[in-house]
Amino acid sequence: MQLPGSFPLTRLRRNRMDGWSRALSAETRLAVQDLIWPIFLTAGEGQRDEVPSMPGVFRVSVDRVVAHVAEAVELGIPAVALFPYTPMEARDEEGTGALDPENLLCRAARALKAAYPALGLIGDVALDTHTTHGHDGVIRAGEVDNEATVSVLTRMAVLQAEAGVDCIAPSDMMDGRVGAIRRALDARGLVHTRIMSYAAKYASGFYAPFRDAVGSTVGANRLGPADKKTYQMDPANSDEALREVALDIAEGADMVMVKPGLPYLDVLHRVRREFGLPTFVYQVSGEYSMVMAAVRNGWLDHDRAMMEALMAFKRAGANGILTYFAVSAARLLRAG
């Protein structure tokens, strides 16, 4: 596209001179309705513990979760994503706690749905928060077994939906899990339960604070021969991301996600443009913690850095953003 104009008749700075003209000529807009707030759950009662590697982010016990999200609801944030920090003594090699209807996520979902019926609940479906080894699936013969894992995930998804989760979010990256979950949900009459697939989830170094938050670090003494690179995507690939997304859409995904965010804006843009399906992005823990570390050292301005990063996701095509900044950003947006 060739646009006419030449200096001095054309001065692009004119529309930048005042706040009102900048607002009217803005190409991209960020709203509270674009934000999804990930929250962490923990065992016990009366708990509200800050995650050491994520300043300002807390794990809360189920008895405090309704109060914890009250401001988010008041601000108009449409949905929260639930992640449990399961005590190690409640974990095993198979991740069987994921199938307990009284696990942290299911109890929190019931409490939140009773208190805030209109709040969207997104449930994480993966086994890393329930296994002693920290992998997203079941290990067989030194490998994460795809079919064995999918079998557990389908039952986990149904359990969450029955507890009140509105949107199942499989983050495991097993092949075929979206189709299996869709069939399982439909077979139980849960036809309105949505699936937000982590369709393009990369084997990233930016997840470390999250793994601290949920206790899923795959350490030297717990790893064994399995490696998350065998199921999460190679950061070198973007064409492969389109294949992953296409497969998940064909299997019944209602929404798709790219994760992480800022290092993969190109992938986000390609996915949204290629498929036009509601497309989400996860501004992951490492992205959040980097900004917060720089803010605490006086190197970045919190609000400017936060809003600029969130706007980048919208500019690249995201319909919505999972971000630990959700409440802080919503306060600024509501203040005008």
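Any read-out appearing in this document is the output of simple, stated calculations on the displayed coordinates, not a laboratory observation. On a predicted model such as this, the values are computed, not experimentally measured, just so you know. All Cβ positions, glycine included, derive from the backbone under ideal geometry; neighbour counts span all protein chains shown.
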Nearest 0.05, what FRET efficiency do Glu143 and Asp92 give at R0 = 22 Å with Cβ-Cβ as r? 0.75
Compactness relative to 2.2 N^0.38 Å, alpha carbon Rg of the chain: 1.02
Counting Lys and Arg as +1 and Asp and Glu as -1 over every other residue whose Cβ sits under 13 Å from the Cβ of Asp212, the net charge comes to -1
Taking 8 Å as the Cα distance limit and 6 or more residues as the minimum spacing, I'd like the relative contact order of the range 115-252 as a percentage. 28
Projecting the Cα atoms of Val178, Ser6, Phe280 onto the charge dipole of the chain, where Lys and Arg contribute +1 and Asp and Glu -1 at Cβ, the residue farthest towards the positive end is Ser6
Quick check: residue separation of Phe58 and Thr230 times 0.36 nm, minus the Cα distance between them. What number comes out in nm? 58.8 nm
Please label the shape of the range 23-100 as rounded, prolate or oblate, based on the square roots a ≥ b ≥ c of the eigenvalues of the alpha-carbon gyration tensor (a/c under 1.5 means rounded; beyond that, a/b larger than b/c means prolate, else oblate). prolate
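Give the relative contact order (percent, whole number) for the range 28-335; include only Cα pairs under 8 Å separated by 6+ residues.
Value for the range 28-335: 20 percent.
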Which Cα, out of Asn319, Ser197, Pro87, lies furthest along the positive dipole direction of the chain (beta carbon charges, K/R +1, D/E -1)? Asn319
Over the chain: helical MRE at 222 nm, DSSP H runs n ≥ 4 each giving -39500 (n - 2.57), nearest 500: -11500 deg cm²/dmol
Size of electric dipole in the chain: Cβ of Lys, Arg +1 and of Asp, Glu -1, about Cα centre, debye, nearest 20: 1440
Segments 126-139, 175-188 sorted - mean Cβ within 10 Å per residue, highest first: 126-139, 175-188
Taking only pairs that are 8 or more places apart or on different chains, how many Lys pairs in the chain have Cα atoms under 23 angstrom apart? 7
